[in-house]
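Structure, as structure tokens:
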Amino acid sequence: MTDKALSIDGLETVYDALATAMDQAGPDKTPLFLVKLALLNANVLADDKLFQQHIATALQDL
């Protein structure tokens, strides 16, 4: 795993971009958009085990 992390401002920027993109995709296409985005990011991460850990973490407290 990398020691890099986004700042709070960086996280807010990413959150805003994600919310805007989800609005653009619309409610019917948002799940497909999120899967495509996740796969693109998993490819960049290049670590399937870490990606699975991220999935488990994201599922917590839904």
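The values are calculated or read from the model by the stated rules, or taken from the named source; none is laboratory data. This one's a predicted model, so the numbers in the text were calculated from it and none came from an experiment. Don't worry about glycine lacking a Cβ; one is built from the backbone with ideal geometry, like all the others, and counts go over all protein chains shown.
Search segment 43-62 for residues that are of a type outside the set (A, V, I, L, M) and pair each with any residue that is in a helix (DSSP H, G or I) when their beta-carbon atoms are under 7 Å apart and the residues are at least 6 apart or on different chains.
51/42; 51/45
Inspect all residues belonging to segment 37-50 and state whether any of them is over 15 Å from the mean Cα position of the chain (by Cα) and either in a helix (DSSP H, G or I) or aromatic (Phe, Trp, Tyr) (or both).
Checked against the condition, which is being over 15 Å from the mean Cα position of the chain (by Cα) and either in a helix (DSSP H, G or I) or aromatic (Phe, Trp, Tyr) (or both), segment 37-50 yields at least one hit.
Kindly establish whether residue 39 is touching a residue at least 40 places away in the same chain (Cβ under 8 Å), surrounded by 10 or more Cβ atoms within 10 Å (Cβ to Cβ) and out of contact with any Leu (no Cβ under 6 Å at 6 or more places or on another chain).
Details: touching a residue at least 40 places away in the same chain (Cβ under 8 Å): no; surrounded by 10 or more Cβ atoms within 10 Å (Cβ to Cβ): yes; out of contact with any Leu (no Cβ under 6 Å at 6 or more places or on another chain): yes.
The answer is no for residue 39.
Looking for something surrounded by 10 or more Cβ atoms within 10 Å (Cβ to Cβ), without any contact (Cβ under 8 Å) to a residue 60 or more places away in the chain, in a helix (DSSP H, G or I) and in contact with a helix residue (DSSP H, G or I) (Cβ under 6 Å, 6 or more places away or on another chain) - is there at least one such residue anywhere in segment 8-23? Lay out the reasoning, then the answer.
Going through segment 8-23, the residues surrounded by 10 or more Cβ atoms within 10 Å (Cβ to Cβ) turn out to be 10-23.
From what's left, without any contact (Cβ under 8 Å) to a residue 60 or more places away in the chain: 10-23.
Checking the rest, the ones that are also in a helix (DSSP H, G or I) come to 10-23.
After this cut, where a residue has to be in contact with a helix residue (DSSP H, G or I) (Cβ under 6 Å, 6 or more places away or on another chain) as well, the list is 22.
Yes, because at least one residue in segment 8-23 is surrounded by 10 or more Cβ atoms within 10 Å (Cβ to Cβ), without any contact (Cβ under 8 Å) to a residue 60 or more places away in the chain, in a helix (DSSP H, G or I) and in contact with a helix residue (DSSP H, G or I) (Cβ under 6 Å, 6 or more places away or on another chain).
Those residues that are among the aliphatic types (A, V, I, L, M) and over 12 Å from the mean Cα position of the chain (by Cα), I need them from segment 23-36; list them, please. Full working, then the answer.
Our first condition is that a residue be among the aliphatic types (A, V, I, L, M); within segment 23-36, this holds for 25, 32, 34-35.
Passing the criteria: 25, 32.
Hey, does segment 26-34 have a residue that's hydroxyl-bearing (Ser, Thr, Tyr), loosely packed, with under 10 Cβ neighbours inside 10 Å and at pLDDT 95 or above?
Initial filter on segment 26-34 (hydroxyl-bearing (Ser, Thr, Tyr)): 30.
Remaining after also requiring loosely packed, with under 10 Cβ neighbours inside 10 Å: none.
No, that holds for no residue.
Given the condition in contact with a helix residue (DSSP H, G or I) (Cβ under 6 Å, 6 or more places away or on another chain) and among the hydroxyl-bearing types (Ser, Thr, Tyr), answer yes or no: does some residue in segment 28-49 qualify?
Yes, segment 28-49 contains a residue that is in contact with a helix residue (DSSP H, G or I) (Cβ under 6 Å, 6 or more places away or on another chain) and among the hydroxyl-bearing types (Ser, Thr, Tyr).
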